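Chemist: Below is the structure I would like to discuss, written out as structure tokens.
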Protein chains: 2
Amino acid sequence: MFRARCLLRALRSCSSAPCPRHRPAARVSVRGALGVQSANGERVKVQGWIRSVRSQKEVLFLHVNDGSSLESLQVVADSSFDSRELAFGSSVEVQGQLVKSPSKKQNVELKAEKIEVVGNCDAKAFPFKYKERHPLEYLRQYPHLRCRTNVLGSVLRVRSEATAAIHSFFKDSGFVHIHTPVITSNDCEGAGELFQVEPSSKIKVPEENFFNIPVFLTVSGQLHLEVMSGAFTQVFTFGPTFRAENSQSRRHLAEFYMVEAEISFLESLQDLMQVMESLFKTTAMTVLSNCPKDVELCHKFIAPGQKDRLEHMLKNNFLIISYTEAVEILKQASQNFTFTPEWGADLHTEHEKYLVKHCGDIPVFVINYPLALKPFYMRENEDGPQHTVAAVDLLVPGIGELFGGSLREERYHFLEQRLARYLDLRRFGSVPHGGFGMGFERYLQCILGIDNIKDVIPFPRFTHSCLL
Amino acid sequence: MFRARCLLRALRSCSSAPCPRHRPAARVSVRGALGVQSANGERVKVQGWIRSVRSQKEVLFLHVNDGSSLESLQVVADSSFDSRELAFGSSVEVQGQLVKSPSKKQNVELKAEKIEVVGNCDAKAFPFKYKERHPLEYLRQYPHLRCRTNVLGSVLRVRSEATAAIHSFFKDSGFVHIHTPVITSNDCEGAGELFQVEPSSKIKVPEENFFNIPVFLTVSGQLHLEVMSGAFTQVFTFGPTFRAENSQSRRHLAEFYMVEAEISFLESLQDLMQVMESLFKTTAMTVLSNCPKDVELCHKFIAPGQKDRLEHMLKNNFLIISYTEAVEILKQASQNFTFTPEWGADLHTEHEKYLVKHCGDIPVFVINYPLALKPFYMRENEDGPQHTVAAVDLLVPGIGELFGGSLREERYHFLEQRLARYLDLRRFGSVPHGGFGMGFERYLQCILGIDNIKDVIPFPRFTHSCLL
């Protein structure tokens with residue numbers, strides 16, 4: 001805001017008359033400079049890191065990037081500038097005039113009057129080479145530097161935009177945001193793969209006494225959201241969740257982000273699926289419209305074909321099939337699965353991917369799973385011998401399960417046999433309700449077509465790896 | 001969005017002609033219903049919980065609340081409705097016509113055609129009594145129900161609004177949002193009060209091997225933000241942080257939220273303080289304008305006088321004094337302190353509160369602390385024998401320290417003696433930079449005047465207490 005306002009003011013006062021040299025140059029981001037429509041010699045100051053240097057006889061071209069956009073600003077300097085210190089990776093402050101660029105590659109360039117090297121970069125020791133495209137696996141070794149590459153820069157800007165878009169989506173829909181706790185004594189899914197939390201051994205308090213009970217890192221904010229949906233009707237959370245899963249696969253992280261929502265007075269899976277589909281599409285459209293270049297970079301160099309796949313997902317209605325139909329489709333498939341599809345057995349990733357392909361690469365909701373496969377809190381469909389619950393998973397191309405949700409069992413007597421902990425929530429004005437969770441990293445993978453989950457989170461944590 | 005749009009459409013089609021009875025009623029939130037400017041018999045469906053029942057001879061008045069606002073919607077039913085099930089706390093669905101209310105207390109009321117009890121509430125077992133104002137300490141015993149009270153409802157709506165406002169502030173100012181990790185091997189402040197994280201004993205992997213190194217819950221995202229500010233120039237994070245502090249005081253939580261920002265190419269504390277002050281004020285103004293009734297409730301019943309104090313803070317410029325001046329002020333104070341003020345010693349809460357009072361209850365920045373008091377990464381002022389660093393704390397009325405920040409030491413040779421871990425960040429295009437952290441719960445306390453930190457977070461965690 002400061003800088004944008006600053007620039008605006010500076011440009012306003014500059015536009016009518018040529019700027020006197022002594023007026024202090026307005027600080028402006030690279031994004032701000034590139035956005036100036038008809039540059040006319042405005043005096044500005046740009047700060048950033050050198051992405052490339054090209055020296056010609058009479059003139060020196062620098063590309064300066066400050067992370068505000070994928071594109072760098074071209075700086076043109078005459079040969080009086082000493083190019084030796086102007087190395088790849090160095091930080092610089094450039095003052096000069098914004099002018100229309102003669103090249104077709106950009107609208108605007110910066111005619112340098114003064115270039116100051118703020119911090120040197122030993123390009124030989126710097127692990128990334130100028131003009132070289134490094135594999136994502138290689139970049140992962142440098143969690144403190146990889147954000148300076150084009151790809152990670154774009155991914156993390158998209159992540160930031162998607163985060164903002166998700167908050168806006170829920171706010172605009174009347175949801176109250178809840179910070180559900182990270183430390184909890186509650187174990188939502190009955191999953192065994194928990195991290196336990198204890199004061200570090202340096203602390204004087206006897207360890208077993210800190211919270212009086214064993215506590216863990218949350219695996220889901222659902223229980224806490226259910227509490228809150230009993231007061232605010234529509235609530236959501238968007239925070240870190242944890243699994244102590246012993247896996248180094250490209251699908252798993254020990255710490256990842258989930259978007260979870262809970263809605264009271266919700267009586268059908270249809271209504272829940274509408275929110276899920278709308279969240280998916282609205283967020284994607286916002287990201288596409290706010291950082292098209294960043295998305296384009298991923299679609300072009302990391303995941304060719306993903307642009308079309310994404311457009312296909314966005315312009316079509318998501319499909320809905322029942323678990324029973326899904327099993328039928330799998331049984332009739334010509335493909336050999338590692339796990340034989342069978343009614344009553346869980347769907348595996350191979351099944352999920354087949355189903356999505358079978359449905360024409362459109363995201364597909366699978367609904368009404370066998371009760372025995374799902375946690376105790378899901379609402380029974382009372383459909384006789386089948387005995388299914390009102391659960392829904394959204395399967396998407398390339399990823400498999402992206403969302404999981406359900407109607408919750410609000411009926412006291414149905415729950416009574418199941419779990420005592422839940423009962424007190426159903427005694428005081430119980431209402432039908434439902435909710436879902438979406439893996440945020442998987443969502444980003446789905447939008448950008450990035451194969452490994454470790455490349456869409458700033459600092460990945462997984463077995464044997466907690467760098468920084 | 002769904003509901004708002006729904007209502008809009010419904011109201012549009014209703015406004016010109018009286019609605020036929022058979023048209024399905026549009027679902028609308030209480031907030032949405034109360035916002036209808038000139039009600040004219042629109043048929044709607046409202047769902048929520050009964051906050052009060054008043055039975056007169058011919059007519060029954062219900063107040064229904066769904067958490068979308070502090071205010072409830074008045075439902076008017078004729079005496080044909082059975083009032084026995086319509087008890088305090090029960091959830092209901094009411095269909096009827098929105099009409100202008102004859103009472104001055106509200107614009108709109110709902111003339112009931114159909115009232116359905118969705119879930120009963122055993123009012124005798126419900127721990128909160130109708131019309132009774134319970135102390136906050138009492139409410140704290142019921143973390144799963146206290147959100148249904150007026151006060152906690154208002155506090156948590158304000159928390160949600162403030163969260164959105166903070167995200168918007170940074171986005172509008174060109175900052176990139178970063179999810180800094182919760183699990184980390186890094187210990188920012190050298191604080192001993194850490195929580196250690198290990199896979200729970202059920203896991204098969206030998207415990208000491210999960211991450212290969214001991215890992216902890218984060219105490220600050222600063223190091224990770226510094227990494228990112230080296231790529232994106234301006235970054236922020238807003239997430240949970242942890243202290244294994246053995247304290248049940250009204251100032252401490254084991255899990256709390258921090259807003260942290262880091263800005264590259266920042267050369268003066270002045271620029272940093274401008275961002276801090278602007279964040280404080282912009283967020284407060286947004287909250288005041290988006291949920292005036294919720295703020296008013298706290299100011300009226302919880303913290304009389306806070307309204308004026310807050311206005312006073314918002315309309316005045318924050319003050320700036322140096323640590324040295326602060327010590328002088330404290331030395332000249334007539335007040336007896338538990339800790340004698342002395343140059344070189346830390347400021348305690350009693351000192352901070354005195355300083356704020358001395359400055360006329362305006363938030364005050366204290367700058368340039370002795371090097372020995374602050375962590376290794378703060379930038380030396382090179383001011384000779386005094387030996388101070390460019391650190392800043394913002395002290396606010398009623399709370400004490402709300403923000404802490406500093407310029408960071410970007411000079412390689414200054415840091416070289418200090419810590420090896422930081423060095424690799426300064427070798428590749430190092431830039432002057434600075435940042436700050438703000439305790440989000442303290443901020444909410446400061447805005448609302450709420451005395452105990454446990455009352456501004458949905459699920460408080462502290463020594464001996466991890467409920468739910």
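The values are calculated or read from the model by the stated rules, or taken from the named source; none is laboratory data. Everything quoted here is computed from the prediction, not taken from an experiment. In this analysis, Cβ positions are derived from the backbone assuming ideal geometry, glycine residues included, and neighbour counts consider all displayed protein chains. For the accessible areas, the whole protein counts, side chains as well, though only heavy atoms, and no ligand, DNA or RNA atoms are used. Shrake-Rupley method; radii C 1.70, N 1.55, O 1.52, S 1.80 Å.
Chemist: Quickly run through the stretch A:92-110 and pick out the residues that are surrounded by fewer than 20 Cβ atoms within 10 Å (Cβ to Cβ) and in contact with a Phe, Trp or Tyr (Cβ under 8 Å, 6 or more places away or on another chain).
Modeler: Within the stretch A:92-110, A:E93 is the sole residue that qualifies.
Chemist: Can you spot a residue in the stretch B:135-146 that is touching a strand residue (DSSP E or B) at 6+ places or on another chain (Cβ under 6 Å), buried (at least 21 other Cβ atoms within 10 Å of the Cβ) and more than 7 Å from chain A (Cβ to nearest Cβ)? Don't jump to the end; show me each part of the working.
Modeler: Narrowing the stretch B:135-146 to residues touching a strand residue (DSSP E or B) at 6+ places or on another chain (Cβ under 6 Å): none.
Among the residues of the stretch B:135-146, not one is touching a strand residue (DSSP E or B) at 6+ places or on another chain (Cβ under 6 Å), buried (at least 21 other Cβ atoms within 10 Å of the Cβ) and more than 7 Å from chain A (Cβ to nearest Cβ), which makes the answer no.
Chemist: Next question. Before we move on, is A:K281 more than 16 Å from the chain's Cα centre (by Cα) and part of a helix (DSSP H, G or I)? Talk me through it step by step, then tell me what you get.
Modeler: Details: more than 16 Å from the chain's Cα centre (by Cα): no; part of a helix (DSSP H, G or I): yes.
So A:K281 does not fit the description; no.
Chemist: Among the residues of the stretch B:233-248, write down those that are among the polar types (S, T, N, Q), in contact with a helix residue (DSSP H, G or I) (Cβ under 9 Å, 6 or more places away or on another chain) and more than 9 Å from chain A (Cβ to nearest Cβ).
Modeler: B:T237 - this is the single residue of the stretch B:233-248 that is among the polar types (S, T, N, Q), in contact with a helix residue (DSSP H, G or I) (Cβ under 9 Å, 6 or more places away or on another chain) and more than 9 Å from chain A (Cβ to nearest Cβ).
Chemist: Here's a follow-up. Tell me, yes or no, whether the stretch A:74-91 has at least one residue that is crowded, with 18+ Cβ neighbours inside 10 Å and acidic (D, E).
Modeler: For the stretch A:74-91, residues crowded, with 18+ Cβ neighbours inside 10 Å and acidic (D, E): absent.
Chemist: For residues that are within 14 Å of another protein chain (Cβ to nearest Cβ) and in a strand (DSSP E or B), tally how many sit in the stretch B:74-112. Please lay out each step first, then the result.
Modeler: Residues of the stretch B:74-112 within 14 Å of another protein chain (Cβ to nearest Cβ): B:85-95.
Filter once more, so that each one left must be in a strand (DSSP E or B): B:91-95.
Residues that pass the stated criteria total 5.
Chemist: So, in the stretch B:370-390, of the ones that are open to solvent by 50 Å² or more (accessible area, probe 1.4 Å) and either part of a strand (DSSP E or B) or hydrophobic (A, V, I, L, M, F, W, C) (or both), which residue ends up farthest from B:M276 (Cα to Cα)?
Modeler: Checking each candidate, the answer is B:A372.
Chemist: Could you go through the stretch B:394-404 and let me know if any residue there is surrounded by 17 or more Cβ atoms within 10 Å (Cβ to Cβ) and among the charged types (D, E, K, R).
Modeler: So far as the stretch B:394-404 goes, no, none of its residues is surrounded by 17 or more Cβ atoms within 10 Å (Cβ to Cβ) and among the charged types (D, E, K, R).
Chemist: Applying the selection to the stretch B:227-276, what residues are in a loop (DSSP other than H, G, I, E, B), out of contact with any Asp or Glu (no Cβ under 6 Å at 6 or more places or on another chain), among the small types (G, A, S) and closer than 24 Å to A:P240 by Cβ?
Modeler: Correct list: B:A254 only.
Chemist: A:I367: assigned to a loop (DSSP other than H, G, I, E, B) and at pLDDT 85 or above, yes or no?
Modeler: When the stated conditions are applied, A:I367 does not pass them.
Chemist: I need the full set of residues from the stretch A:300-314 which are open to solvent by less than 20 Å² (accessible area, probe 1.4 Å) and in a helix (DSSP H, G or I), in order please. Before you say what the answer is, go through the steps one by one.
Modeler: Let us first name the residues in the stretch A:300-314 that are open to solvent by less than 20 Å² (accessible area, probe 1.4 Å), namely A:303, A:306, A:310, A:313.
If the condition is that a residue be open to solvent by less than 20 Å² (accessible area, probe 1.4 Å) and in a helix (DSSP H, G or I), then A:Q306, A:L310, A:M313 are the ones that fit.
Chemist: For the stretch B:31-55, enumerate the residues that are closer than 16 Å to B:P102 by Cα and of a type outside the set (A, V, I, L, M).
Modeler: Hits for the stretch B:31-55 are B:Q37, B:S38, B:N40, B:G41.
Chemist: Which of (1) at pLDDT 90 or above; (2) surrounded by fewer than 18 Cβ atoms within 10 Å (Cβ to Cβ) is the odd one out, the single condition A:D122 does not satisfy?
Modeler: Just one mismatch for A:D122, condition (1).
Chemist: Quick check, is A:G435 over 27 Å from A:S322 (Cβ atoms), buried (at least 18 other Cβ atoms within 10 Å of the Cβ) and touching a Gly at 6+ places or on another chain (Cβ under 8 Å)? It would help to see each step written out before you state the result.
Modeler: Working: over 27 Å from A:S322 (Cβ atoms): no; buried (at least 18 other Cβ atoms within 10 Å of the Cβ): yes; touching a Gly at 6+ places or on another chain (Cβ under 8 Å): yes.
So A:G435 does not fit the description; no.
Chemist: Return the only residue of A:S72, A:S55, A:S83, A:S29 being modelled with pLDDT of 90 or more and over 25 Å from B:Q274 (Cβ atoms). Show your work before the answer.
Modeler: Numbers: A:S55 fails: modelled with pLDDT of 90 or more; A:S83 fails: modelled with pLDDT of 90 or more; A:S29 fails: over 25 Å from B:Q274 (Cβ atoms).
Result: A:S72 is the single residue among A:S72, A:S55, A:S83, A:S29 that is modelled with pLDDT of 90 or more and over 25 Å from B:Q274 (Cβ atoms).
Chemist: Can you tell me which residue is modelled with the lowest pLDDT among those in the stretch B:199-252 that are crowded, with 22+ Cβ neighbours inside 10 Å and over 27 Å from A:R159 (Cα atoms)?
Modeler: B:F210
Chemist: Still on this structure, please answer the following. Just give me the residues in the stretch A:120-160 being among the aliphatic types (A, V, I, L, M) and in a helix (DSSP H, G or I), in sequence order. First the steps, then the outcome.
Modeler: Let us first name the residues in the stretch A:120-160 that are among the aliphatic types (A, V, I, L, M), namely A:123, A:125, A:136, A:139, A:145, A:151-152, A:155-156, A:158.
Residues satisfying the conditions are A:L136, A:L139, A:V151, A:L152, A:V155, A:L156, A:V158.
Chemist: For the structure I just gave you, tell me whether B:L60 is open to solvent by less than 40 Å² (accessible area, probe 1.4 Å), without any contact (Cβ under 8 Å) to a residue 60 or more places away in the chain and touching a strand residue (DSSP E or B) at 6+ places or on another chain (Cβ under 8 Å). Show your work before the answer.
Modeler: On the way: open to solvent by less than 40 Å² (accessible area, probe 1.4 Å): yes; without any contact (Cβ under 8 Å) to a residue 60 or more places away in the chain: yes; touching a strand residue (DSSP E or B) at 6+ places or on another chain (Cβ under 8 Å): yes.
In short, yes.
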